[in-house]
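Here is the structure we will look at, set down as structure tokens.
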Amino acid sequence: MKRTLLLLLRGLTLRCPNCGGGGLFATWFRLKPACPTCGLPLDREEGEDYFLGGMMFNIVLSELVYAACIVAWIMATWPDPPWDLLEYVGVPFMIVAPILFYPLSKTIWLAFDVLFRPVRPEELRPTGRRA
């Protein structure tokens with residue numbers, strides 16, 4: 001349980017689930033090939049479709065956050081919720097939210113992968129830098 005929480009926390013903070021090192025992203029939408037600290041390959045040898053689960057997680061996370069916000073907003077403004085305003089705010093949110101959550105979905109997916117398929121020593125590549 002402690003290891004699960006540690007991996008999840010590292011994923012939530014956009015850090016490498018193996019070592020906790022940062023700097024995993026080259027750009028907002030692109031991971032570096034490997035962790036700059038421990039050398040863990042960030043695609044885990046699965047090829048181009050490795051992050052399909054991460055993309056699905058991104059969609060689910062966006063929808064859950066949207067649903068929670070809508071429910072809270074309706075409850076706060078009950079008995080007369082601003083239905084039109086909810087619609088005008090909700091549609092742009094559902095467009096922007098997956099973009100905002102994109103890096104988070106990748107690191108959390110990587111954390112789940114490391115949880116279920118622990119890192120083997122032969123996966124790590126020397127980087128010349130240690131944490």
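Along the axis of the charge dipole computed for the chain (Cβ charges of +1 for Lys and Arg, -1 for Asp and Glu, origin at the Cα centre), the listed residues Pro79, Ala68, Ala111 are led at the positive end by Ala111.
When the chain is treated as a Gaussian network with alpha carbon springs shorter than 10 Å, the biggest mean-square fluctuation among Thr37, Thr107, Thr77 belongs to Thr77. Helical runs (DSSP H, four residues minimum) scored at -39500 (n - 2.57) apiece and divided by the length of the chain put the mean residue ellipticity at 222 nm at -19000 deg cm²/dmol.
The percentage of C-alpha pairs in segment 19-117 whose separation is greater than 21 Å is 45%. Rolling a 1.4 Å probe over the heavy atoms of the protein chains gives the chain an accessible area of 63 Å² per residue. Heavy atoms only, probe 1.4 Å: what % of the accessible area of segment 33-131 goes to carbon and sulfur, would you let me know? Its accessible area is 70 percent carbon and sulfur atoms. Just checking the listed ones, Asp49, Asp113, Asp80: in the Gaussian network model of the chain with Cα springs under 10 Å, the one fluctuating most is Asp80.
When cysteine pairs in the chain are screened for C-beta atoms closer than 4.7 angstrom, the residues that find no partner are Cys69.
In a fully extended conformation the segment linking Phe116 and Leu86 would gain 6.9 nm over its present Cα-Cα distance, using 0.36 nm per residue. Highest GNM mean-square fluctuation among Leu104, Leu31, Leu85, for the chain modelled with Cα contacts below 10 Å: Leu85. Legend: helices of the chain (whole DSSP H runs) are marked when their alpha-carbon atoms reach 18 angstrom or more along the helix axis and their mean Kyte-Doolittle hydropathy is at least -1.0; marked are 52-77, 83-116. Only Cα pairs under 8 Å and 6+ residues apart enter the sum, and on that basis the relative contact order of the chain stands at 41 percent.
The values are calculated or read from the model by the stated rules, or taken from the named source; none is laboratory data. The shown structure was predicted, so the numbers you read here are calculated from the model rather than taken from an experiment. Heads up, the Cβs are rebuilt from the backbone with ideal geometry, glycines too, and the neighbour counts pull from every protein chain shown. For the accessible areas, the whole protein counts, side chains as well, though only heavy atoms, and no ligand, DNA or RNA atoms are used. Shrake-Rupley method; radii C 1.70, N 1.55, O 1.52, S 1.80 Å.
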